[in-house]
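J.: One structure, as structure tokens, below. Some questions next.
The values are calculated or read from the model by the stated rules, or taken from the named source; none is laboratory data. None of these values were measured; they are calculated from a predicted model. Cβ placement follows ideal geometry from the backbone for every residue including glycine, while neighbour counts extend to all protein chains displayed. For accessibility, only protein heavy atoms count, side chains too; no ligands or nucleic acids. Shrake-Rupley method; radii C 1.70, N 1.55, O 1.52, S 1.80 Å.
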Amino acid sequence: MKSIKPDSESKILSIIKTHGTPVTTKEIKQVTGLEVRAIRDNVVSLRLKGIPVISGHIGINKGYSIAKDEAQRAKCVAMLSNQATTMMKNINGLANADLKNWDKHIKVM
């Protein structure tokens, strides 16, 4: 993770806290001018500091907010755990890929 600027973290946290509804990365970018990757890195940094920033990816819950209860936090933790599981499968698949004979595993269409 790239170095995080404390003022960026503060701006992002302020936007999330005061927005009232989940705030999207696009909305944060419009206000701060930060790139999407920087916003995500800052959110990770806030979480690592113990700030319960949750995220949703569907409908009216799309965006970042502060968890108001254990159910919201647990839902986000489950989502992130599923993403981590998928990422580990990808990592293992790539780490174990046959660099010399990978094309023999593909059916020609």
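J.: If you take the residues in the stretch 23-34 that are under 14 Å from the mean Cα position of the chain (by Cα) and not in a helix (DSSP H, G or I), which one is nearest to A67 (Cα to Cα)?
T.: Here the residue is V23.
J.: From the list K62, K75, K68, pick out the single residue that is open to solvent by 60 Å² or more (accessible area, probe 1.4 Å), more than 23 Å from D7 (Cβ to Cβ), touching a strand residue (DSSP E or B) at 6+ places or on another chain (Cβ under 6 Å) and not aliphatic (A, V, I, L, M).
T.: K62
J.: In the stretch 27-48, which residue that is without any contact (Cβ under 8 Å) to a residue 12 or more places away in the chain and touching a helix residue (DSSP H, G or I) at 6+ places or on another chain (Cβ under 8 Å) is least open to solvent (accessible area, probe 1.4 Å)?
T.: V36
J.: Considering only residues that are of a type in the set (D, E, K, R) and closer than 16 Å to N61 by Cβ, which ones fall in the stretch 17-33?
T.: Once the filter is applied, which keeps residues that are of a type in the set (D, E, K, R) and closer than 16 Å to N61 by Cβ, the stretch 17-33 yields K26, E27.
J.: Among the residues of the stretch 91-109, count how many are open to solvent by 100 Å² or more (accessible area, probe 1.4 Å) and either part of a helix (DSSP H, G or I) or of a type in the set (K, R) (or both).
T.: 6
J.: Kindly indicate the residue of the stretch 6-20 that is of a type in the set (S, T, Y) and open to solvent by less than 80 Å² (accessible area, probe 1.4 Å) and also nearest to N42 (Cα to Cα) among those meeting that condition.
T.: Filtering first and then ranking leaves S8.
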